[in-house]
Amino acid sequence: MSAQTFDWMGQSIPFRTGESITAALEAAGIRTFGPDALGQETRYFCGIGACQCCLLRVDGVVREACITPAKTGMHVEALERRHD
C-alpha cells in the first residue's frame with residue numbers, strides 16, 4: 001500500500017485518513033502558510049472554519065484548510081507567493 005500524500009508548495013506531505021490539511025501540515029512541522037493579500041502571515045487558528053486564518057488554494061480553489069480533508073494527490077499552496 002502506498003503512502004497517502006498531497007503536494008504543499010512542491011513538498012510531499014503525508015497524512016492519515018480523515019485528517020484535515022492543517023492537521024497534516026502541522027504534523028509535518030509546517031506552522032505558517034504564507035502571507036495573505038495584506039502581507040500578514042497566515043496560520044492555523046480556530047480549527048472550525050470560522051476565522052478564515054488558514055485559507056489556502058486547494059487544487060485551484062480557495063478553501064479553509066482546517067475543515068478540508070486531505071486527499072491523495074491534491075495540490076495545496078499559499079494564497080500569495082512569498083517575495084523573498
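Bear in mind that the values in this text are calculations on the coordinates, not laboratory data. Note that the structure is a prediction, hence the values are computed from the model and not measured. Don't worry about glycine lacking a Cβ; one is built from the backbone with ideal geometry, like all the others, and counts go over all protein chains shown.
Here are a few things to note about the model shown:
- Amide H contacts of residue 43 (H built 1.01 Å from N, in plane; Pro and chain starts excluded): 33 sit under 5 Å, all sequence-distant by 5 or more or on other chains.
- In this Cβ point-charge picture (+1 for Lys and Arg, -1 for Asp and Glu), the chain has a dipole of about 120 debye about its Cα centre.
- Prolate is the label for the chain, because a/c, from the alpha-carbon gyration tensor with a ≥ b ≥ c as root eigenvalues, is 1.5 or above and a/b exceeds b/c.
- In the chain, helices alone account for a calculated mean residue ellipticity at 222 nm of -2000 deg cm²/dmol, with every DSSP H run of four or more residues adding -39,500 (n - 2.57).
- Three-way shape call for the stretch 35-84 based on the alpha-carbon gyration tensor, with the a/c threshold at 1.5: oblate
- Radius 15 Å from Cβ of residue 44, net charge of other residues (Lys, Arg +1; Asp, Glu -1): -2
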